[in-house]
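Visitor: Please see the structure below; I have some questions.
The values are calculated or read from the model by the stated rules, or taken from the named source; none is laboratory data. What you see is a predicted model; the values in this text were computed from it and never measured. Reconstructed Cβ throughout: ideal geometry from the backbone, glycine too, with neighbour counts over all protein chains shown. Each accessible area value is taken on the protein alone, full model and side chains, heavy atoms only, with ligands, DNA and RNA left out. Shrake-Rupley method; radii C 1.70, N 1.55, O 1.52, S 1.80 Å.
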Amino acid sequence: EPEVTQTPSHQVTQMGQEVILRCVPISNHLYFYWYRQILGQKVEFLVSFYNNEISEKSEIFDDQFSVERPDGSNFTLKIRSTKLEDSAMYFCASSAREGAEAFFGQGTRLTVV
Amino acid sequence: AQSVSQHNHHVILSEAASLELGCNYSYGGTVNLFWYVQYPGQHLQLLLKYFSGDPLVKGIKGFEAEFIKSKFSFNLRKPSVQWSDTAEYFCAVISSNTGKLIFGQGTTLQVKP
């Protein structure tokens, strides 16, 4: 069964450092998403991406965040200068069409120290 | 503001008990509704979905949910829970106004053997 894969599963970084979280969506999917879940809180939408551009982003997704689909298979989330409050589980998801169910990766646990 | 509310934050049941988890949403227009489950240490998995048609939808592992449009609700049910149902359950909504998936706060279900 096709699945969304994320790497790494756990990333520890120092405050102020840049991190790149990587995702390989399901191959025939066209819509890509990043969500995050701070420990004990709800899953929050960060950004959606379609046709090589951001289609929607939340207020969380400020200038420190960027997304890219560099090679037609990977979908990356970059945090330019990490803050302690960026510590969370980050989930990548993809869907075949808008409004359809999203398939999630296993997440990357980001710990900023 | 668009939102999804799950009324039960933490539910503890004994095996064979019946389960109902509440979910209400506030959106205008057409919605697609989902329940996702997150087993300990695993990624979000789709339990069931409602797009249109019969408002009573059946999902995997004996779960079902009923869409009641007049009440803006999509409650999850299972007649007899098992210990293996211990997990976090998330209600989520996509409205026709936006392609992004909005999650409720999640309900932690603990089933005692």
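Visitor: Could you check how many residues of the stretch A:1-44 are among the aliphatic types (A, V, I, L, M) and assigned to a loop (DSSP other than H, G, I, E, B)?
Guide: Here is the first cut: in the stretch A:1-44, the residues among the aliphatic types (A, V, I, L, M) are A:4, A:12, A:15, A:19-21, A:24, A:26, A:30, A:38-39, A:43.
From what is left, the residues that are assigned to a loop (DSSP other than H, G, I, E, B) are A:4, A:15, A:26, A:30, A:38-39.
Selection size over the stretch A:1-44: 6.
Yes or no, residue by residue, for (1) more than 11 Å from chain A (Cβ to nearest Cβ); (2) open to solvent by 50 Å² or more (accessible area, probe 1.4 Å); (3) of a type outside the set (Val, Ile, Thr); (4) under 11 Å from the mean Cα position of the chain (by Cα):
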| site | (1), (2), (3), (4) |
| --- | --- |
| B:GLY22 | yes, no, yes, yes |
| B:GLY28 | yes, no, yes, no |
| B:TRP35 | no, no, yes, yes |
| B:PHE72 | yes, yes, yes, no |
| B:ARG77 | yes, yes, yes, yes |
| B:TRP83 | yes, yes, yes, no |
| B:TYR89 | yes, no, yes, yes |
| B:VAL111 | yes, no, no, no |
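Visitor: Let me ask another. Within 26 Å of B:TYR36 (Cα to Cα) and open to solvent by 60 Å² or more (accessible area, probe 1.4 Å), is that true of A:ARG97?
Guide: Values: within 26 Å of B:TYR36 (Cα to Cα): yes; open to solvent by 60 Å² or more (accessible area, probe 1.4 Å): yes.
Judged against the criteria, A:ARG97 is a match.
Visitor: Name the single residue, out of those in the stretch A:30-46 being within 12 Å of the chain's Cα centre (by Cα) and more than 9 Å from chain B (Cβ to nearest Cβ), that is surrounded by the most Cβ atoms within 10 Å (Cβ to Cβ).
Guide: Filtering first and then ranking leaves A:TRP34.
Visitor: Restricting to the stretch A:82-106, name every residue that is at pLDDT 95 or above and part of a loop (DSSP other than H, G, I, E, B).
Guide: Passing the criteria: A:THR82, A:LYS83, A:SER87.
Visitor: Here is a follow-up. State all residues of the stretch A:69-81 that are open to solvent by 60 Å² or more (accessible area, probe 1.4 Å) and modelled with pLDDT of 95 or more; if no residue qualifies, say none. Break it down stepwise before answering.
Guide: Initially, the stretch A:69-81 is screened for residues open to solvent by 60 Å² or more (accessible area, probe 1.4 Å), giving A:70-71, A:78, A:80.
Result: A:LYS78, A:ARG80.
Visitor: Continuing with the same structure: Here are B:GLN6, B:GLN42: which of them is free of Cβ contacts under 8 Å to residues at least 24 places away in the same chain and within 14 Å of chain A (Cβ to nearest Cβ)? I'd like the intermediate steps shown before the answer.
Guide: Details: B:GLN6 fails: free of Cβ contacts under 8 Å to residues at least 24 places away in the same chain.
Just one listed residue meets the conditions, B:GLN42.
Visitor: Within 14 Å of chain B (Cβ to nearest Cβ) and either open to solvent by less than 30 Å² (accessible area, probe 1.4 Å) or under 11 Å from A:CYS23 (Cβ atoms) (or both), is that true of A:ALA102?
Guide: Working: within 14 Å of chain B (Cβ to nearest Cβ): yes; either open to solvent by less than 30 Å² (accessible area, probe 1.4 Å) or under 11 Å from A:CYS23 (Cβ atoms) (or both): yes.
Against the criterion (within 14 Å of chain B (Cβ to nearest Cβ) and either open to solvent by less than 30 Å² (accessible area, probe 1.4 Å) or under 11 Å from A:CYS23 (Cβ atoms) (or both)), A:ALA102 qualifies.
Visitor: Considering (1) part of a strand (DSSP E or B); (2) open to solvent by less than 50 Å² (accessible area, probe 1.4 Å); (3) away from chain A (no Cβ under 14 Å), say which one B:ALA17 fails and leave the rest.
Guide: (1)
Visitor: Right, something else. For the stretch A:52-68, how many residues are modelled with pLDDT of 95 or more and on the phi > 0 side of the Ramachandran plot?
Guide: Of the residues in that region, 0 qualify.
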